[in-house]
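Have a look at the structure below before the remarks.
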């Protein structure tokens with residue numbers, strides 16, 4: 001007898017998922033914080049995590065911050081930086097920062 005999983009996994013069943021943490025709310029927080037810091041400036045993922053999940057549990061929001069940032073990058077609404085330079089999302093690992101695209 002073969003065990004078959006229905007494939008009905010969701011972000012809520014992901015071990016790092018935070019119940020009630022809306023991905024769209026995280027995207028809005030990223031854009032609001034990045035917009036507030038001004039052109040050419042960046043924010044840390046930790047800042048977003050603290051904004052959406054204040055208190056001692058903020059680190060649990062970091063995986064969703066990363067997923068939401070990647071969704072915004074895919075739509076051209078955000079850039080990911082490492083060491084002050086824009087990086088390709090496929091290179092995202094380690095320490096990174098987030099900023100809005102320059103509209104010149």
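Structure notes:
- Based on the convex hull around the alpha carbon atoms, the stretch 20-99 presents an average projected area of 5.0 nm².
- Approximating the spin labels as points 7 Å out from Cα along Cα→Cβ, the residue 57-to-residue 42 distance works out to 3.0 nm.
- The C-alpha radius of gyration of the stretch 27-72, expressed as a fraction of 2.2 N^0.38 Å, stands at 1.08.
- Sorted on the mean count of surrounding Cβ atoms within 10 Å across their residues, most packed first, peptides 42-53, 87-98, 18-29 read 42-53, 18-29, 87-98.
- Gain on full extension, evaluated as 0.36 nm per residue between residue 88 and residue 74 minus their Cα-Cα distance, stands at 4.0 nm.
Computed from the coordinates by the stated procedures, all read-outs in this text should not be read as laboratory data. What you are looking at is a predicted structure, and each value in this text was computed from that prediction instead of being measured. Cβ: placed from backbone, ideal geometry, glycine included. Neighbour counts: every protein chain shown.
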